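The values are calculated or read from the model by the stated rules, or taken from the named source; none is laboratory data. Bear in mind that the values here come from a model prediction, so they are computed numbers and not experimental data. Cβ: placed from backbone, ideal geometry, glycine included. Neighbour counts: every protein chain shown.
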Amino acid sequence: MMRRISLRGASGFVRRFARLAGGYWAGRDRWSVWLLTAALLALTVAQVSVPVMLNLWSQRLFDALEQRAMDRLPVMAAVAGGILLFNIAVTVSHLWVKRRLQFGWRAWLTRRLVGDWLSDGRELALASRPGDHDNPDGRIAEDVRIVTELAIDLGHSLTYCLLLLVSFAGILWQLSGVVPVTLGGVSLAVPGHLLLLALAFSAAGTAAAIAVARPLVRAAERRQGLEADFRFGLARVRENAPIIARQHGEAVERGRMALLFGGVRRGWERQTGALARVMAFGASYSVLSAVFPILVVAPRYVAGTITLGVMMQTAQAFQQAVAALSWPIDNLATVAQWKASMERVLGLKAALDGITPLPLVKAPAPDVLSDGGDTVRKR
């Protein structure tokens, strides 16, 4: 069962992460870093504008189709082409800015950890220090990459979903109108019922997804640890190859590698089972989110109170709002992977900070001095 993390523990984890990695935005290149961050935010806003434009475009298109207005189709096609070109430009620019920011952050954090590791004899003292800090090379090479890349990916997707929710919540509220509801003989005018339904639908889906995916975080953490153990075993064989060859210990090492890889297989299978449950739920949820809004709005279209364009616009707006609210469901596996790697990086940093630097040893003066090939002993 997944460990329950208290709010205090979560806030402490965020503070530790900010202390370790947040200095990238305060370093000597902070102006260029902040410029890239601002550009990433602006391009995210531009990305959100694309589904909003498509939502308005679809309403006009389906109304034109319902009215058999063929003269509007060339204009609608031209507008769609403009939206397509705009989306291509935004997507490519966003990818370039995001990847530059990700690699810059990774390079900065890598330099910091390598500097802490290879200084004052810490690389020697770390091996004998107790605690969770094995495989420092793997943590610096792989976990730092995962931490920096996924942190920006998750931050971008969360920002995108929040902006998307704000945009389509307004559209849904406007399209909902006011619906009379009778309870106990009392008629009430309920505004924004479609937005309320989207919130309830997403809340139920999120709660169900968390229940289904509860073992996923533990499975991801366990698998990454087993993968690190296997990499460490391979590195150990490489470093001790001369000794193994002299002692003819290849069979023993093959057996040890087989055991370590067996652990990797078990970790993979456990994560696969947890991930399969999450994906099965996600597949069902995506189909329901596409069908549910149409079934809700269809009676109003049949009654003639809304046009076909408005019905399709409403269904799309509902889907977009639900998609924005479904960020926790869509990113459970990614958050689990990021958290596991972040814990490994923080564990290494804590271990390095806890090592007392070795004292500097002054080299003794040589007893023999060389002078142009002649040897002179000190007196």
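Observations, loosely collected:
- Members of the stretch 265-289 that are aliphatic (A, V, I, L, M) and either in contact with a strand residue (DSSP E or B) (Cβ under 8 Å, 6 or more places away or on another chain) or surrounded by 16 or more Cβ atoms within 10 Å (Cβ to Cβ) (or both): A274, L275, V278
- Residues located in the stretch 215-266, provided they are basic (K, R), without any contact (Cβ under 8 Å) to a residue 60 or more places away in the chain and out of contact with any Gly (no Cβ under 6 Å at 6 or more places or on another chain): R236, R238, R246, R254, R256, R265, R266
- Checking each residue in the stretch 145-156 for being crowded, with 17+ Cβ neighbours inside 10 Å and either closer than 20 Å to V50 by Cβ or among the hydroxyl-bearing types (S, T, Y) (or both) picks out T148, H156.
- Of all residues in the stretch 9-64 being at pLDDT 85 or above and of a type in the set (S, T, Y), the one that is farthest from G81 (Cα to Cα): Y24
- Helices (runs of 4 or more DSSP H) within the stretch 216-323 that include 1 or more residues under 32 Å from the mean Cα position of the chain (by Cα), closer than 30 Å to L175 by Cα and of a type outside the set (K, R): 250-302
- Residue match in the stretch 207-214 (condition: farther than 30 Å from S326 by Cα and charged (D, E, K, R)): no
- Test: L332 is closer than 28 Å to S284 by Cα, modelled with pLDDT under 85 and not basic (K, R): yes
- Against the list (1) in contact (Cβ under 8 Å) with a residue 60 or more places away in the chain; (2) at positive phi, the condition V297 fails is (2).
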